[in-house]
Amino acid sequence: RTFRAFGAPVLNNAGHMAFVGSLNWIAFELNTTNDDGIWVGRPGAFRLAAREADPVPGLSGVVYQSFTALRLDEDGNIAFAARLKGAEVSIDNDTTLLAGIPGDIRVIAREGDSAPGLEPGVKFGDLGLLNTLNFVIGRPGEVAFLCPLTGNVGFTNNQAVWRGPWDSVRAIAREGGATSHPD
């Protein structure tokens, strides 16, 4: 297999890179539904982290449809947003934020899932909005993102800023919530 096209690469200070690469359709089994993948590593040692039509770890019967935002931390861990498809996927749960290394990718947040630490009935909203302005990766193994909320919310409390290790993000600020400073 060979590459046919690339998305914008990301690079860290340690020399790790990540990019979305499209494979040539020379192989009969490749087409527009499974030719894009996320590659990560050092030049000459890239590994495939995720590929269209491959199963999404932890989500039974769900596969990657496409990839959007991509980030890389100083240890070479990646975080990315992906559109999903599968029998139980709908417009209300078709985007997720994932992170990890090739072979150990995990879901951070998925549209329509309960928002941890918030009152019952509050769910992650449209993660399709993840882009360079509302999603960052910081210290190794940690992510921060802005996310609208749905479910048991109103017009004045329907978004939150999330931060934390991949396996335990939590809301650190919420629209309508108190600030940590009295001014």
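The values are calculated or read from the model by the stated rules, or taken from the named source; none is laboratory data. Here the structure is a predicted model, which is why all the values come from computation and not from measurement. All Cβ positions, even for glycine, are placed from backbone atoms using ideal geometry, and neighbour counts span all protein chains on display. Keep in mind that these areas ignore ligands, DNA and RNA; they rest on the heavy atoms of the full protein, side chains included. Shrake-Rupley method; radii C 1.70, N 1.55, O 1.52, S 1.80 Å.
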Dipole of the chain, positive direction: furthest Cα of G117, F145, F46, with charges on the beta-carbon: F46
More than 18 angstrom apart: percent of Cα pairs within the stretch 112-183: 38
Residue-normalised accessible area of the stretch 133-176, given per residue in Å² at a 1.4 Å probe: 55
Accessible-area value, T33, 1.4 Å probe, nucleic acids and ligands omitted, Å²: 70
Unit charges on C-beta of K, R, D, E only; dipole of the chain, Debye: 340
Accessible surface of the chain, 1.4 Å probe, proportion on carbon and sulfur as whole %: 55
Most fluctuating residue given options A79, A144, A87, as computed from a GNM of the chain linking Cα atoms under 10 Å: A87
Centre separation in Å (Cα based) which lies between the stretch 40-55 and the stretch 138-183: 30
Of T150, T68, T32, the one that fluctuates the most in a GNM where the chain has Cα springs shorter than 10 Å: T32
Average accessible area per residue (Å²) across the stretch 1-103 - probe 1.4 Å, nucleic acids and ligands excluded: 50
